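The values are calculated or read from the model by the stated rules, or taken from the named source; none is laboratory data. Quick caveat, the model's predicted, so the values are computed rather than measured. Here the Cβ positions follow ideal geometry from the backbone for every residue, glycine too, while neighbour counts run over all protein chains shown. Surface areas here come from the heavy atoms of the whole protein model, side chains and all, with no ligands, DNA or RNA. Shrake-Rupley method; radii C 1.70, N 1.55, O 1.52, S 1.80 Å.
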Amino acid sequence: TEAELKAWKEAGLRYFYFRPNYLHNRTMLPFGREKFICDAHHLFRRYGSLGDFFDSCTTTAATKFEIYAALRLCAKPETTFEEIAADWYATFGAASACVRRYYERVRARCDREFPKVVARLAAKGIEYVDDSHFSRNVHELHTVAELKDDLAVLESFDGTGLEGEAKRKFDDLKLCARHYVMTLETLLSKGEEDKARLIAFRAQHKTLFSQNWWTQWNKGEYWLWDGSKEKADYENSAITTWMDDWELNAAKAR
C-alpha cells in the first residue's frame, strides 16, 4: 500500500480522502483492529489524505472500540493511538487496567493472526480484503480456549464498586466476551442445542446486541453457519431458518 502511495505522489497526487471498508464487516467476534485503523489513518495522512470516509459504519457491540477510534480521528486527525486508547480505557473507571489487559491481549492475537488470513485470501487471488472477507474470516482469529481466557481476564476484576457509565460499560464488555465464546462454540459445533442457547442469550440481551444481525441471520454469520450457501443464494432467495422460526414462535409466546 505504501509503495502505491509513493507512486501516486510521484505522479502528482497532492490530496485525497481515505475510504476503507474496515468497519462495514458485521462481525460478531472481536476484531482487534483499533490500532490497525489508527496506523492506516496516519500512514495515509503522511501522503496527503484529508480525512477518512468509512463505509456505513455498521456498528456492532464487537467493534465499539474501533468505532470510537475512527470517530476520534475524524474529530482530531493528529490524535495518536496511545491517546485514544488511554481515553477509552479511562471510561471504565477503576476497571481501566483490567480492560487494558483484555484489549491488549485480544489485539496481540488479532495482529498475529490477521496477516495469516490475508495471506490465505491472497493465495486465492483476493488481493484487497473487503468487508465481506472480514465477516467471513474473523472467526479464524480466535480459538474457543483463547476467548475463554479473554473472558477470565475480565472476570478476575471485582466490579462491585463500579458505578454509573463505568459499571454499564464494564458489564456490557463482559457480556460481549461471554457472547464471543458462545458464538464461536456454536459456529464450530452447529449443534441445535448450542444454536438455541446462543439465540436465547442474544434475545435476553437485545438492548446490548441492538443491531439486527446480532439477533437474526446476517450475511456474514449465515455464510459461516452454512458453507454450502453462496452469496447469491442468500441474497436472491427468501430464506427461512431455524432462527426465523424461533423469533416467530417467541413473538407468539409474548
> Can you name the residue in region 80-96 that is surrounded by 20 or more Cβ atoms within 10 Å (Cβ to Cβ) and aromatic (Phe, Trp, Tyr) and, of all such residues, is farthest from the chain's Cα centre (by Cα)?
Replying inline: Phe92
> Mind checking which residues of region 33-48 are among the aliphatic types (A, V, I, L, M), surrounded by fewer than 17 Cβ atoms within 10 Å (Cβ to Cβ) and under 17 Å from Phe134 (Cβ atoms)?
Replying inline: none
> Out of the residues in region 49-79 that are open to solvent by less than 10 Å² (accessible area, probe 1.4 Å) and part of a loop (DSSP other than H, G, I, E, B), which is nearest to Leu173 (Cα to Cα)?
Replying inline: Thr60
> When you look at Lys167, is it basic (Lys, Arg), at pLDDT 90 or above and open to solvent by 20 Å² or more (accessible area, probe 1.4 Å), yes or no?
Replying inline: yes
> In region 1-32, what count of residues is obtained for those that are surrounded by 15 or more Cβ atoms within 10 Å (Cβ to Cβ) and in contact with a Ser or Thr (Cβ under 8 Å, 6 or more places away or on another chain)?
Replying inline: 9
>> Scan region 170-185 and tell me whether some residue there is over 17 Å from the mean Cα position of the chain (by Cα) and open to solvent by 60 Å² or more (accessible area, probe 1.4 Å).
In response: no
>> Given the condition out of contact with any His (no Cβ under 7 Å at 6 or more places or on another chain), closer than 23 Å to His179 by Cα, β-branched (Val, Ile, Thr) and modelled with pLDDT of 95 or more, answer yes or no: does some residue in region 112-134 qualify?
In response: no
